[in-house]
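Written out below as structure tokens is the structure these notes cover.
The values are calculated or read from the model by the stated rules, or taken from the named source; none is laboratory data. The shown structure was predicted, so the numbers you read here are calculated from the model rather than taken from an experiment. Ideal geometry is used to build each Cβ from the backbone, glycine not excepted, and the neighbour counts take in all protein chains shown.
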Amino acid sequence: MNDKSNTETRTRTVQGLIRTASTVTLATRMAADGSPYASLVLMATDPRGRPLLLLSDMAVHGQNIAKDPAVSLLIASDPKGRDPLTLSRVSLQGTAEVIADERLLERFIRRFPPAKLYAKFKDFRLYRVNVSAGHLVAGFGDIHWLDPADFILPEGALDNPEVENGVMDHMNSDHADAVQELAASVSDHAGEWEICGVDEAGIDLRCGWLYERLLFEQPATGAGDMRIQIIEMLKKIRKLTDFSVHMR
């Protein structure tokens, strides 16, 4: 595998980990003495793939970030009965910044509907982590430091809430059966899936606390292009399904 292929593989691995994560380990420094502190939190992303955290000022990690915004996030693969140390994980380093953006808060809530119960509490704030580096462990001896540009979509990437909401609402409301087909191509879970996010690189799917990610063949340029690429995905999925049935 050449260097370009290696880089592309690492990019897909890290982006996959970030986009499909639900809980992550958040590391901060204690406000009192700077000693290390780790906690379990929910994590969503903005359309470019930057982590979003909804944290309480009263929580220890919230107090720590108020004193020192430097954080680290550990995002690991779901072991599903396998040796977790043989699977990919990434540590992200960066700073947590309070962001007053209603559309990003809505994006977080779409991914984690129970958060609607406390998202508007006065002590809760939405943070975006501005990533400065990523440390990928993709297996034994397969360890790499990565620049954020390797896995965060660039400035200027399609980031339009009207486009995202339009495509997402159209698919979930008018083409729910197609959404189930998309989900079935990447998950064996037969629950009611829905699209909870769309960006220029792909689609985020949610069923309860299960999350999956489908990638576009190429970066989408707008709502029309997203719909075209989704149709092409479905054609390929149906072709593979028909072939599988025929071979039985």
The lone exception for residue 109 - which of (1) closer than 30 Å to residue 162 by Cβ; (2) under 20 Å from the mean Cα position of the chain (by Cα); (3) surrounded by fewer than 16 Cβ atoms within 10 Å (Cβ to Cβ) it fails: (3)
Residue match in the stretch 36-46 (condition: more than 18 Å from the chain's Cα centre (by Cα), surrounded by fewer than 15 Cβ atoms within 10 Å (Cβ to Cβ) and at pLDDT 95 or above): yes
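Tell me which residues, restricted to the stretch 62-108, are more than 14 Å from residue 46 (Cα to Cα), small (Gly, Ala, Ser) and part of a loop (DSSP other than H, G, I, E, B). Give the steps one after another, and end with the answer.
The initial filter retains those residues of the stretch 62-108 that are more than 14 Å from residue 46 (Cα to Cα), namely 62-95.
Keeping just the survivors that are small (Gly, Ala, Ser) gives 62, 66, 70, 72, 76-77, 81, 88, 91, 94.
Within the stretch 62-108, 77, 81, 88 qualify.
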Condition broken by residue 23, with the remaining ones in (1) touching a Leu at 6+ places or on another chain (Cβ under 9 Å); (2) over 23 Å from residue 143 (Cα atoms) satisfied: (2)
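Return the residues of the stretch 156-175 that are of a type outside the set (D, E, K, R) and in a helix (DSSP H, G or I); say none if nothing qualifies.
Initially, the stretch 156-175 is screened for residues of a type outside the set (D, E, K, R), giving 156-158, 160-161, 163, 165-168, 170-173, 175.
Within the stretch 156-175, 161, 163, 165, 166, 167, 168, 170, 171, 172, 173 qualify.
Sort out which residues of the stretch 119-144 are over 27 Å from residue 55 (Cβ atoms) and touching a residue at least 12 places away in the same chain (Cβ under 8 Å), and write them in order of number. Full working, then the answer.
The first filter runs over the stretch 119-144 and keeps only residues over 27 Å from residue 55 (Cβ atoms), leaving 138-144.
Within the stretch 119-144, 138, 139, 140, 144 qualify.
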Odd one out for residue 153, checked against (1) within 30 Å of residue 72 (Cα to Cα); (2) among the hydrophobic types (A, V, I, L, M, F, W, C); (3) not in a loop (DSSP other than H, G, I, E, B): (3)
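Which residues, counting only those in the stretch 176-201, are part of a strand (DSSP E or B) and out of contact with any helix residue (DSSP H, G or I) (no Cβ under 8 Å at 6 or more places or on another chain)? Write out each step before concluding.
The initial filter retains those residues of the stretch 176-201 that are part of a strand (DSSP E or B), namely 194-199.
Result: no residue meets the conditions.
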